[in-house]
Structures are given as structure tokens and as C-alpha cells.
Amino acid sequence: MEYNHNEIEKKWQKYWKENETFKTDVWDFSKPKYYVLDMFPYPSGQGLHVGHPEGYTATDIIARMKRMQGYNVLHPMGWDAFGLPAEQYAIKTGNHPNGFTERNIKTFTRQLNMLGFSYDWSKEVSTSDPKYYKWTQWIFKQLFEDGLAKYVDMPVNWCEELGTVLSNDEIINGKSERGGYPVVRKNLKQWVIDIPKYAERLLENLDKIDWPESTKEIQRNWIGKSVGANVDFSIADTDDKLTVFTTRPDTLFGATFMVLSPEHPIIEKYADRITNIEDVRKYRDAAALKSELERTDLAKEKTGVRIEGLEIINPVTNSPLPIYAADYVMMNYGTGAIMAVPAHDQRDYDFAKKFNIPIIQVIDGGDISKEAYTGDGKMINSGFLNGITTKKEAIEKMINVLEEKGIGKKSINYRIRDWIFARQRYWGEPVPVLHFDDHIESLPDNELPLVLPELDNYSPSKKGEAPLERATNWVNVEKNGKKAKRETSTMPGSAGSSWYFLRYIDPNNDKVFADKKLLDHWMPVDLYLGGVEHATGHLLYSRMWNNYLFDKGLVPTEEPFSKLVHQGMILGSNGEKMSKSRGNVINPDDIVKNYGADSLRVYEMFMGSLEDSKPWSDTGIEGARKFLDRFYRLFSDISKISDTPNFNLEKEYHKTVKKVTTDYENLNFNTAISQIMIFVNAAYKEKNIPREYAEGIIKLFNPIAPHITEELWSMYGHTDTITYESWPTFDESKTIDEEIELPIQINGKVKGTIVISLDADEQTVKDSAHKELTNLLEGKNIIKEIYVKNKIYNIVIR
RNA sequence: GCUGAUGUGGCGAAAUUGGUAUACGCACUGCACUCAAAAUGCAGCGGGAAACCAUGUGGGUUCGAGUCCCACCAUCAGCACCA
């Protein structure tokens with residue numbers, strides 16, 4: 001019988017929809033739960049690309065297997081629907097971005113259904129839906145009231161072209177990620193979320209979750225914890241002091257100058273004492289014009305200016321030291337001031353060389369005439385530290401002394417910055433606050449959601465004002481007789497995605513963001529799948545929100561995702577990233593039409609390891625299709641299926657059940673498929689296939705190729721979906737060979753094999769091994785013989 | 001520069017974690033079926049005539065290394081004047 005993918009796939013998709021096959025009753029606590037989640041997509045105008053189904057198929061396989069294993073499975077899908085393309089469409093056409101977004105969502109939904117994913121669409125959420133963002137605003141409100149969402153004046157990355165602020169991860173090489181426009185630094189009042197407050201928790205909790213080690217490392221680096229000390233330096237002839245953060249307090253005796261960030265406020269404070277204040281100001285203004293990248297890109301050549309008329313006192317040597325302003329010191333890390341130890345820090349060394357500042361070596365080693373010495377060694381020129389040989393000991397002693405004198409203390413710094421939580425854009429969640437003349441107030445709950453007003457024109461104004469400024473009726477309000485203004489910037493895309501996994505559990509609740517009992521039952525997410533590119537964005541933000549909600553007693557676990565896996569990228573057949581400009585894009589619609597959804601699923605799972613990037617291959621997809629043809633041909637031939645046992649297949653069947661089950665659990669889908677192929681190859685050689693085996697293999701294959709297996713299942717006389725049939729079991733004893741081929745080695749090289757019974761005793765093996773290799777052993781001096789049971793027999797000769 | 005990952009046939013990739021390297025598939029070759037082709041089924045398929053040689057390169061540990069250790073090379077990713 002011919003395998004007609006089109007007919008079969010349509011038929012079963014219709015059946016699943018009509019029977020609500022995948023609908024989950026979240027209140028059914030009688031079965032163990034399993035929550036398996038995909039990172040929800042941004043519904044772009046291009047529709048699904050072939051990369052999406054890779055991860056979605058993987059989670060679908062797990063969802064389908066877990067259902068058959070008796071779990072109550074939550075497997076939802078939704079939309080990260082706020083975003084720039086919809087906004088740009090609105091600017092261009094003057095239409096509301098919502099229409100554009102909804103059209104795209106329709107396309108995505110059709111495509112996902114066409115691929116046979118077992119999502120429970122009754123749980124669908126969309127971040128741009130006011131019923132959803134009501135709760136995004138509500139969570140923001142809690143953060144604001146708890147002081148974690150703050151309105152502060154800060155330097156930001158400003159993109160003139162886009163008319164908005166960008167976060168660090170939206171900037172690539174000093175240009176905006178989208179469009180590649182220049183980015184400059186500028187001071188602005190900004191909404192930020194105090195994610196540094198959670199730095200330590202986010203760091204510590206990494207040890208509690210089953211995530212790829214590399215992703216944890218990316219987050220650790222991003223959080224960037226460094227332990228050191230804050231040390232106070234007094235400014236000569238004043239009562240003022242400057243505090244620096246250093247990770248090397250042990251080198252304090254070698255500090256020969258201080259460097260301030262050009263924006264450091266102390267400069268303006270002592271403007272009248274600084275004799276060259278104009279030069280310093282000029283330097284500062286020039287630095288502000290540079291984007292962060294330019295500032296860091298010119299790494300080789302240090303620039304700076306001496307602050308004349310002001311000196312600083314080294315607290316341990318009491319020598320007066322010069323102060324410089326230089327843009328290699330950042331205002332937003334540490335204290336914006338550093339003590340410079342040129343002998344033991346390369347940057348300070350370069351600076352000192354350029355400005356002719358003395359270099360004092362305090363750790364023995366290296367060659368200070370050539371470069372800074374950053375290694376370990378004996379302390380020298382260091383007063384009370386002299387003679388100490390380990391860094392750790394020197395640091396401890398120095399900190400003790402500083403603490404006794406009250407001029408320093410142990411301190412920890414994090415690299416992670418405040419999360420900038422506002423964009424000068426229209427298509428995002430409105431920030432639910434009112435600005436009064438003298439204070440800011442969050443909206444009361446009953447005014448949520450604060451819905452986006454409609455506009456005639458969605459572009460930002462010339463001055464870079466947010467589009468919402470145009471909605472004057474909406475912006476200007478009066479409350480209790482006082483005039484107030486609404487916030488006109490909106491939340492960033494990462495707002496709605498920071499908690500959507502909670503909403504899936506109870507998507508229609510209008511009393512709370514999700515029922516506590518349901519959250520207690522369903523959280524955390526058991527398996528979360530998506531791309532690595534979110535490592536320092538979404539995956540950090542959502543962890544922070546979840547930890548915060550946990551602290552408020554609103555969710556049951558600190559960490560939202562107990563297990564995380566990243567799918568690799570599917571590259572074009574030329575090994576390059578798929579893109580329109582390279583002309584190597586594969587459209588899933590075409591593939592499904594020509595080969596079928598099951599073929600696409602099988603192929604993408606068979607390509608290789610889920611986590612690796614791998615190139616698309618046209619012959620590969622054909623191969624997958626051929627296997628499905630072969631599979632269908634074999635199992636649809638009912639005349640071969642019977643209740644007669646066939647011992648030729650017994651072992652392979654039990655092996656297959658075992659391997660496929662464990663491979664699925666470990667997300668090794670490629671080897672699971674190869675095992676099913678091995679069984680099919682074996683079955684082709686047989687005249688009769690026991691019904692039990694045929695049905696078992698069909699069930700095993702169902703998670704990967706759901707349509708073809710439903711069809712075959714129904715051909716065997718079953719009237720119900722295969723979805724909730726029980727998962728096949730295997731008998732361990734039947735997977736074991738009673739006779740095995742044992743390799744015989746001489747000096748570790750295989751010279752032959754013998755057939756032995758399983759667990760044969762050493763003497764028997766030795767005898768047949770010697771017999772097998774008589775020729776090679778003749779006249780040789782046997783030094784040693786090694787027998788590893790059922791693995792190998794090795795004879796060492798000289 | 002720092003951090004992390006990867007490197008196996010013509011190609012996509014396996015290898016129970018130290019025990020017969022190249023499973024499974026693609027491509028290719030041959031045979032069967034066919035007037036023929038396609039499709040399908042079956043068989044072969046790292047190199048070498050062989051001894052042997054092959055898992056990026058060079059060392060090491062071990063009876064035995066794709067797997068462990070050291071050094072290096074290449075590719076990819078993240079961070080990047082973070083004090």
C-alpha cells in the first residue's frame with residue numbers, strides 16, 4: 001500500500017483537533033505531572049523556518065512519550081508578540097501593529113499544526129494581549145513598590161536612528177543589532193530593574209539546576225563576581241576621601257597614582273582647585289561622545305589627563321600621589337576610581353609608561369622593565385607584608401590592617417548592570433505609573449491593565465521622544481486634583497517573556513496571575529528547550545523574576561527551569577547560517593508538502609545530536625522519507641502480522657524498546673531512530689512479525705512520527721488515538737546475548753575473535769583464546785594475560 | 001587577551017564512558033525485478049597487494065586510548081581596559 005503523507009497527516013490533525021486529544025486538565029493531580037516547554041517564538045512576518053521545528057519536535061517527542069508513560073503533561077505554546085518588526089510595519093503603514101501581529105500568529109499556528117505538534121492550544125498566551133500584560137504590569141508594580149524597579153538618571157546606549165535606548169545585548173560591535181546604526185552614550189532618566197541585587201542568588205542557584213555547563217559559565221561570566229576590598233584614600237589638604245575597589249589590596253604599597261573615570265563627580269566638586277579644569281572637562285566631553293565600544297576598542301593606546309592641583313595620599317605609605325582622569329576607568333563599575341599599581345597590572349603599566357609615572361615593584365618576579373608582573377611571588381617593598389609568599393595570605397593581612405585602621409574593608413563587586421527596563425517605542429507594555437511633580441506612583445490594581453492607546457502615527461518624534469507622547473489625552477491625567485503624566489516609554493521585549501511559563505498553567509485567571517495551588521503543583525518546568533542566544537537575556541531575567549516571586553511567596557520554587565537544553569542551529573546545505581541574502585533558506589511549508597511533516601520530524605531528529613549545529617541536506621530529507629515508506633510498507637502489510645511468535649525478532653525487539661526508551665529520555669533521538677531502523681531491517685527478513693512487536697514498534701515511533709503511526713495503529717483495528725496507549729516495556733533478560741564474540745588481543749591489538757557463552761569462566765576463555773592464536777603464540781614469552789569479562793582477552797608477550 | 005565548546009570515512013554522524021573505531025543513514029558500486037528507466041529488494045563499501053596504517057598535530061600514562069594527562073594547531077561561541 002502506498003504511503004500518502006498528505007492524506008494521512010490531514011486526517012489525523014483533524015482528528016486531534018476535533019477530539020481535543022492534547023488538552024490537559026491542570027486540576028487533575030491524580031497522575032504525576034510533567035511540564036515540557038519550548039521557548040515561545042516571536043511571530044515574525046517570515047513565518048516558521050526549519051530551525052524552529054527542531055526544538056519543537058524534541059519537546060513534542062518527550063511530551064508524547066510522557067503521556068504514554070502515564071504522566072499528566074503540560075505542553076503549551078504562545079507568542080512573544082511585542083517587538084520591533086510589528087512596530088516598523090505600523091510606522092510604515094500607519095496601521096496598528098496588532099493586526100500585523102495577529103496575522104503572523106495565524107500563520108505560525110497553521111504551521112505548527114501542520115507539523116503535528118501536540119500543543120494544548122487552550123493554554124495559548126500572547127504577551128501583547130491586555131489580559132496577559134495586565135499581569136506583566138502587575139508584577140512590575142510589585143517590583144516598583146519593593147524598590148527593585150527604579151527610575152534613575154543613567155548613561156545609556158542611545159541609538160539616534162532607531163530613536164531608542166538599547167541594552168548591551170542589543171549592540172553588536174558598537175552598532176545596533178537591528179539595522180546596524182551607530183550607538184552613542186547619553187544620560188537619560190530610565191526605568192531599570194535592580195538585577196544586581198539578585199546577583200549572588202543567581203550565581204549560587206546555578207549549582208542547583210540541570211543546565212548545560214557552558215550556559216552556566218556564560219551566566220557566571222556575565223554576573224562577573226569579583227572579590228576584593230574597598231580602600232579609602234584621602235585627598236591631600238581636604239577632609240575628603242576617594243574610595244577605590246581593588247581585587248589586589250596586597251599590592252597597595254605599589255600604588256603610585258590614582259585614575260578616575262572622567263565623569264567622576266569629585267572632579268566638579270573640586271573644580272576651583274583643579275588648575276587645568278578646562279582640559280579635564282574637554283577630555284570628559286570627548287570621552288562621552290565615544291560609544292562604549294570605541295572607548296574599549298582603542299584598548300592599545302591609553303589616553304588620559306592629569307588632574308593638576310589635587311593629590312591623593314597612599315594610606316599605607318603616606319606618600320602623595322598624582323590623580324588622572326582616563327576613560328579606561330568606568331563610572332558604572334566599582335567606585336569609578338582605581339588605585340593604579342603599574343608594576344602588577346598591565347593597563348596601569350601602559351598608562352604609567354606613557355605618563356612617566358614611577359613603577360614600584362612589590363611582588364618579586366617577572367621583568368618589570370618590560371611588562372607588568374601579574375604572577376605570584378614574595379612580597380617586597382611592602383612594609384608589614386614583606387616576606388609573605390602567597391597572594392592569599394598577603395590579601396588577608398592587608399585587609400585586616402585596613403579594617404583595624406578603619407580605612408578599608410572586604411568588598412564584592414559584580415559586573416552585571418541594572419537591567420534597563422524601558423524603550424522609547426510604542427509596541428510594548430505601558431509602564432503602569434503616574435509621574436507627579438514631586439513623586440511617582442504606581443497605578444492601583446483596578447486600573448490594570450493599562451491599555452495602549454491607538455495612535456495615528458507610530459513613529460518616534462524628531463527629538464527622540466517616545467511615540468506615546470503623541471497620545472496627549474492618554475498621557476495627561478488628573479488624579480486627586482493633581483496633574484500627572486503617564487510614562488511614555490514602554491517595557492522591553494524581555495518583560496513579557498520573563499514569566500510566561502507561569503501563565504500557561506492558568507492562562508485565563510483574572511484574579512491572580514496564576515492560581516497558587518496550580519503553581520505549587522506544576523512548577524518548576526521539568527524540561528525547557530530553546531536557543532543559547534538567550535543565555536544572558538531572557539534566561540537571566542526570568543530567573544530573577546522567578547526568584548523574586550519566590551521571595552514574595554507567590555511561586556513554589558526559586559528556579560523556574562530545572563532542566564534546560566539548547567538545540568543547535570540548522571545551517572544551510574553549504575554549512576553557513578540560513579539567510580535570505582545567502583539564498584540557502586529552506587521553507588518548512590515546501591518540505592511538508594513534498595515529503596510530509598513526519599519526514600521533516602524524522603529527518604531533523606536523525607541529523608545528529610540535538611545540541612550541535614548541523615547543515616541541511618536535501619538528500620537527507622529524502623532518506624528520511626524513504627525510511628517512512630519502508631516503515632509503512634512493512635507494517636501496513638497486515639498479512640505478515642500475526643500472533644505467531646517469532647524468536648528471530650525477540651532479542652532485537654526487546655533491545656529496541658530498551659534503547660529507544662533510554663535514548664528518548666536522554667534526548668538522543670538520532671540513535672533512537674537508528675535503532676528503529678535496525679529493527680525494521682531485521683523485520684524485513686522475516687515472513688511473519690508478531691503483532692505485539694509490530695504494535696510496540698509503532699508506539700515507540702509515535703512520538704517522532706505521530707501521523708503515520710496513528711494511521712498504522714488504526715489499521716490494526718484500534719478505534720482510539722494511540723496517544724494514551726501505554727508505553728512498551730522490555731524484558732532485560734531477553735536483551736542479552738547468551739553467546740558473545742570475544743575479541744582476543746596480543747599486546748592490545750585485536751588478532752582474532754572467539755565465541756564464548758556469556759559470563760564464561762576465565763580458564764575456558766584462556767583455553768580457546770590460546771587455541772585460536774596458536775600460530776602467533778608459538779615460541780613467545782607470555783608475560784601477562786588480562787581477561788575483562790565479556791569484553792576482551794588480552795595476551796601480553798615479548 | 002580571558003572563558004567555554006568542537007575536531008572521527010566522500011558526506012550527516014555512532015561508539016554501553018578505558019576494551020573489536022566507523023553503528024545507522026546519505027552518496028557510490030554490483031545483483032535481482034523490468035523491454036527499459038524509476039521505484040523496490042538483496043549485497044558490498046576507511047586506506048593498503050600484504051604486513052600493517054588510520055579518530056586535528058606532537059608527546060605521555062596504561063596490558064589496552066577516539067575516550068584520561070601535558071603541549072600545540074584549527075574552527076565556532078560568549079566576554080572583553082571590570083580595577
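The values are calculated or read from the model by the stated rules, or taken from the named source; none is laboratory data. It should be emphasised that the depicted structure is a prediction, and the values quoted were computed from it without experimental measurement. Virtual Cβ from ideal backbone geometry, glycine too; neighbours counted across all protein chains shown. Ligands, DNA and RNA are stripped out before the accessible areas are found, and what is left, the full protein with its side chains, is counted by its heavy atoms. Shrake-Rupley method; radii C 1.70, N 1.55, O 1.52, S 1.80 Å.
Is the range A:414-491 best put as rounded, prolate or oblate by its Cα gyration tensor, with a ≥ b ≥ c the root eigenvalues, rounded for a/c under 1.5, and otherwise prolate when a/b is larger than b/c, oblate when not?
Values: a/c = 1.63, a/b = 1.10, b/c = 1.49.
Oblate.
Put a dot 7 Å past each Cα toward the Cβ at A:Ser573 and A:Glu404; how far apart are the dots in nm?
Rounded to a tenth, the inter-label distance reads 7.6 nm.
How are the Cα pair distances of chain A distributed, in percent, across 10 Å bins from 0?
With 10 Å bins starting at 0, P(r) equals 2, 11, 17, 18, 16, 14, 11, 7, 3, 1, 0, 0.
How far is helix A:51-68 tilted off the main Cα axis of chain A, in degrees rounded to 10, range 0 to 90?
For helix A:51-68, the angle is close to 60 degrees.
Using a Debye calculation, one point per C-alpha and no hydration shell, please list log10 I(q)/I(0) for the range A:694-773 at q = 0.20 Å⁻¹ in order.
-0.85
Under the rule of -39500 (n - 2.57) per DSSP H run of 4 or more residues, summed and divided by the residues of chain A, what mean residue ellipticity at 222 nm is obtained, to the nearest 500 deg cm²/dmol?
Details: 26 runs with 284 residues, N = 798.
That calculation yields -11000 deg cm²/dmol at 222 nm.
Measure nothing but the geometry: give the 0 to 90° angle between the long axis through the Cα atoms of A:691-701 and the longest principal axis through the Cα atoms of chain A, rounded to 10°.
Around 20 degrees separate the two axes.
Report A:Arg486's accessible area, 1.4 Å probe, all protein chains in place, as a number in Å² to the nearest 10.
We get 40 Å² for A:Arg486.
Enumerate the calculated ³J(HN,Hα) couplings along the range A:445-458 in order (Karplus 6.51 cos²θ - 1.76 cosθ + 1.60, θ = phi - 60°), each rounded to whole Hz, writing x wherever the residue is Gly or Pro.
With coefficients 6.51, -1.76 and 1.60, one gets 3, 6, 9, 9, x, 8, 8, 4, x, 7, 10, 7, 9, 9 Hz.
What does the charge count around A:Val750 come to, taking other residues whose C-beta lies under 13 Å from its C-beta (Lys +1, Arg +1, Asp -1, Glu -1)?
On the way: positive: A:Lys749, A:Lys751, A:Lys791; negative: A:Glu741, A:Glu772.
Computed value for this residue: +1.
Any idea what Rg and Dmax come out to for the range A:26-75 if you just take the C-alpha atoms, in Å?
13.5, 42
I'd like the orientation of helix A:130-145 relative to chain A: the angle between its Cα long axis and the longest Cα principal axis, in ° from 0 to 90, rounded to 10.
40
Have a look at A:Gly224, A:Leu188, A:Asn205 and report the one farthest towards the positive end of the charge dipole of the range A:184-230, computed about the Cα centre with Cβ charges (Lys/Arg +1, Asp/Glu -1).
Of the options given, the answer is A:Leu188.
What percentage of the solvent-accessible surface of the range A:1-84, computed with a 1.4 Å probe over protein heavy atoms, is contributed by carbon and sulfur atoms?
Values: 1600 of 3230 Å².
About 50 percent, which is the carbon plus sulfur part of the accessible surface.
For the range A:92-102, what does the Karplus curve 6.51 cos²θ - 1.76 cosθ + 1.60, with θ = phi - 60°, yield as ³J(HN,Hα) per residue in whole Hz, taken in order and with x for Gly and Pro?
Each residue's phi maps through the Karplus curve to give 5, 9, x, 8, 5, x, 5, x, 4, 4, 5 Hz.
Charges at C-beta only: +1 for Lys and Arg, -1 for Asp and Glu. How large is the resulting dipole of chain A about its Cα centre, in Debye rounded to 20?
Numbers: 101 positive and 118 negative charges, 170 e Å.
In debye, rounded to 20, chain A gives about 820.
Hey, can you grab everything whose amide H is under 5 Å from the amide H of A:Tyr35? Only 5+ residues off in sequence or another chain; H modelled, so Pro and N-termini drop out.
So A:Tyr35 has HN proximity to A:Leu74, A:Asp526, A:Leu527.
By how many nm would the segment from A:Met330 to A:Asn19 lengthen if fully extended, with 0.36 nm per residue of separation less the alpha-carbon distance?
On the way: separation 311, 0.36 × 311 = 111.96 nm, distance 6.09 nm.
Full-extension gain reported as 105.9 nm.
Show log10 I(q)/I(0) for the range A:497-572 at q = 0.19, 0.20, 0.21 Å⁻¹, two decimals, from a solvent-free Debye sum over equal Cα scatterers.
-0.79, -0.86, -0.93
Does the range A:453-513 classify as rounded, prolate or oblate by the C-alpha gyration tensor (a ≥ b ≥ c root eigenvalues; a/c under 1.5 gives rounded; else a/b over b/c gives prolate, otherwise oblate)? Don't skip to the end; give the middle numbers.
Numbers: a/c = 2.82, a/b = 1.58, b/c = 1.78.
The shape class here is oblate.
Lysines near A:Lys33 by alpha-carbon distance under 19 Å, same-chain residues fewer than 8 away left out - which ones?
Reachable lysines: A:Lys23, A:Lys66, A:Lys123, A:Lys516, A:Lys517, A:Lys563.
Check the range A:381-470 and count each lysine pair with an alpha-carbon distance under 23 angstrom, considering only pairs eight or more places apart or from different chains.
So the count works out to 9.
How much accessible surface area, in Å² rounded to 10, belongs to the heavy atoms of A:Met154 with a 1.4 Å probe?
So the heavy atoms of A:Met154 present about 40 Å² to solvent.
Enumerate the lysines that A:Lys766 could reach by cross-link, defined here as Cα to Cα under 27 Å, with residues fewer than 8 away along the same chain left out.
Here the lysines satisfying the reach criterion relative to A:Lys766 are A:Lys749, A:Lys751, A:Lys780, A:Lys784, A:Lys789, A:Lys791.
Using amide H atoms built in the peptide plane, which far-off residues or other-chain residues are under 5 Å from A:Phe257 H to H?
The answer is A:Ala340.
Just how far, in whole angstrom, is the range A:100-167 from the range A:325-385 if you go by their alpha carbon centroids?
47
If I model a spin label at A:Ser613 and A:Lys640 as a point 7 Å from the Cα along the Cα→Cβ vector, what separation in nanometres do I get?
Inter-label distance under the simple model: 4.1 nm.
Is the shape of the range A:271-410 best called rounded, prolate or oblate, per the rule: a/c under 1.5 gives rounded, else a/b larger than b/c gives prolate, else oblate, with a ≥ b ≥ c the square roots of the Cα gyration tensor eigenvalues? Don't skip to the end; give the middle numbers.
On the way: a/c = 1.98, a/b = 1.55, b/c = 1.28.
The shape class here is prolate.
Work out how far the C-alpha atoms of the range A:317-384 reach from end to end along every principal axis, then list the three figures in whole Å, largest first.
Ordered largest first, the range A:317-384 gives principal extents of 33, 27, 23 Å.
Could you pull out every one of the lysines with an alpha carbon less than 17 Å from that of A:Lys734, ignoring same-chain neighbours closer than 8 positions?
Excluding near neighbours in sequence, the set is A:Lys651, A:Lys655, A:Lys658, A:Lys659.
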